[in-house]
Amino acid sequence: MTETPQRQGNTTEHLLTTPHGSHPYTASAQWQTLFENDEPVAELFHVAYTIGDQDPAQRPITFVFNGGPGAASAYLHMGALGPRRVVFNSDGSLPRPPVQVTDNGESWLSFTDLVFIDPLGTGFSRMLTKDKEKSAKSDEKPAEKPGDKPDDSAKKFWTVDRDLNALGEFIQAYLSTHHRWLSPVFIAGESYGGFRVAKLCRKLQQDYGVGLCGAVLISPVMEFMLLEGNDYNLSGWATVIPSMAATAVYHGRVDTADSPMTHGAKAAEFARKTLIPLLALGRTAAAEDQQRVFGQLAELIGLPPEVVQRHRGRIDIAVFARELLRQQQRILGLYDGSVTAIDPFPDRVLHEGTDPTLEGIDRLFTGAINSHLRSTLGVNTTLTYNLLSFEVFKAWEFLPESDYRQGFVGSVDDLRVGMALNPYLKVYITHGIYDLVTPYFSSNHLVDQMALNDELRSNLTLRHFQGGHMFYTWHESRRQWFDDMQGFYHQAAGK
């Protein structure tokens, strides 16, 4: 019986041609070992893109990861930041098969080196078995089994703190191995990756001695209590209203001449000043006040008044996604409300289909990242690339056993401490306005509650774009964001 091929990283040379110039660069796809008590326990797969003809003390370096938890970095890698990207339609909608990959004219490689990290259990990142640990000590790469998946020993990494420490250990070791301690260091993360970024703004500086120039939070979830409203937490109902309002304008369900962004801003004022006070009154609210406010809400978000009345002004995103275009027998994507799909079960009370903006994109990114890593970058492994691991997601421990607090985990306090520790740190928070899962107004609301003094508040930028959770799949939004980030990096790196 023959052994399966060993996993083997690779380093290759390429040329990126963009409207902003040509950039020869080095791509290095490798595994980096994590240690516990000086013993190797796991290896994180990563892809680094570097431009070597510039002074590393002047050239920024950005460590990038996605969220989930359980998502590999392929979404940002092949969707927006890397030198190659998946082709979407201009409005971010899904193209027909087969997958197409093209040069990325808006790659951040134009102004920063990039290191895309796959957290443990995602991508090609795996725990080491005892045999592999022995091989790691001797720098000998062991053979892999086809379809190798995370084992139970990886679960200790699937907690908030151990995950953050793994990223901190990786970044510290990478800076040492590649002599980049004097480079301007940035971190960027999407969704739960934005949560990681907020936490790491404190942890990297406080525990790992890594001074940050900038932090980019992309469609972040920073406080989990805002992800879902209930009878006792009213903020979650209010913070999603502007995204619903913007989505309703996009689909022509609101009688207004305002743009989706402008209409969303009006809905934000309504949510703060009118909806929350009414909901806070509970059963003591006068019937005429309820009828008036619920009628205003229905007009803002394009739903029938009877639907808003039935749900007492507490509109779940699944209800909104099902009801807005019900007469057309279409449903909305939760991660991008501008995307619609045929409702496969229009006669059932509850929606029982899939989310077109979550499951629908897997075929694109799975094909793109496997082709890029295995064919373009020459990675040789029989491992399965775990794009989005629900095994990791379901096993994730959000609150540590030693933390006796109850409730939801959050990261805004860590972001505030990180900004106070380093008053030069620049922070950029961005969303797509049609994202119903991590709505943009949640971040606006949280920033308003942070009580930053004028000096620190000037270091924080909020900017939102047309599109959903991955707004960068919209061509114009990606271009606008690229221009924004060039300026942000120039300022944050002190150039």
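Bear in mind that the values in this text are calculations on the coordinates, not laboratory data. Quick caveat: nothing in here was measured; it's all calculated off a predicted structure. Cβ: placed from backbone, ideal geometry, glycine included. Neighbour counts: every protein chain shown.
Listed values, structure above:
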item	result
Rounded Å value of the spacing that divides the Cα centres of the stretch 261-316 and the stretch 1-60	51
Of all DSSP beta bridges in the chain, antiparallel share, percent nearest 5	60
Mean residue ellipticity (222 nm) of the chain, computed from DSSP H runs ≥ 4 via -39,500 (n - 2.57), nearest 500	-9500 deg cm²/dmol
For the stretch 405-468: rounded, prolate or oblate by the Cα gyration tensor [a/c cutoff 1.5]	oblate
Kirkwood-based Rg to Rh ratio, the stretch 176-266, C-alpha trace	1.18
Dipole magnitude of the chain about its Cα centre (Cβ charges: Lys, Arg +1; Asp, Glu -1), debye to nearest 20	340
Long pairs among 156/394; 156/199; 199/266, criterion Cα-Cα beyond 22 Å	199/266
The stretch 228-355: Cα Rg divided by the 2.2 N^0.38 Å rule of thumb	1.02
Where only alpha carbons of the chain are counted, the Rg and the Dmax (Å)	23.0, 79
Distance cut-off 21 Å, percentage of C-alpha pairs in the stretch 1-118 lying past it	49
Label-to-label distance, nm, for residues given as residue 453 and residue 207 (7 Å Cα→Cβ offset)	2.8
The chain: relative contact order in percent, alpha carbon pairs under 8 Å with at least 6 residues between	21
Dipole of the stretch 228-355, positive end: most advanced residue of 344, 261, 297 [Cβ charges, Cα centre]	297
Surface/4 of the Cα convex hull for the stretch 214-277, nm²	5.7
Listed residue (185, 376, 79) projecting farthest to the positive dipole end of the chain, Cβ model	79
Residue 281/residue 326 FRET efficiency (R0 35 Å; Cβ-Cβ; nearest 0.05)	0.70
Between the stretch 422-467 and the stretch 67-102, the alpha-carbon center distance in angstrom	24
Cα shape, the stretch 31-71, gyration tensor, a/c 1.5 rule	oblate
Mean Cβ count within 10 Å, highest first, over the residues of peptides 416-425, 196-205, 312-321, 114-123	114-123, 196-205, 312-321, 416-425
Helical segments meeting 20 Å axial Cα length and Kyte-Doolittle 1.0 threshold in the chain (DSSP H)	none
Chymotrypsin sites (Phe, Trp or Tyr not before Pro) restricted to the stretch 201-258 and DSSP loop, no more than 14 other C-beta within 10 Å	232
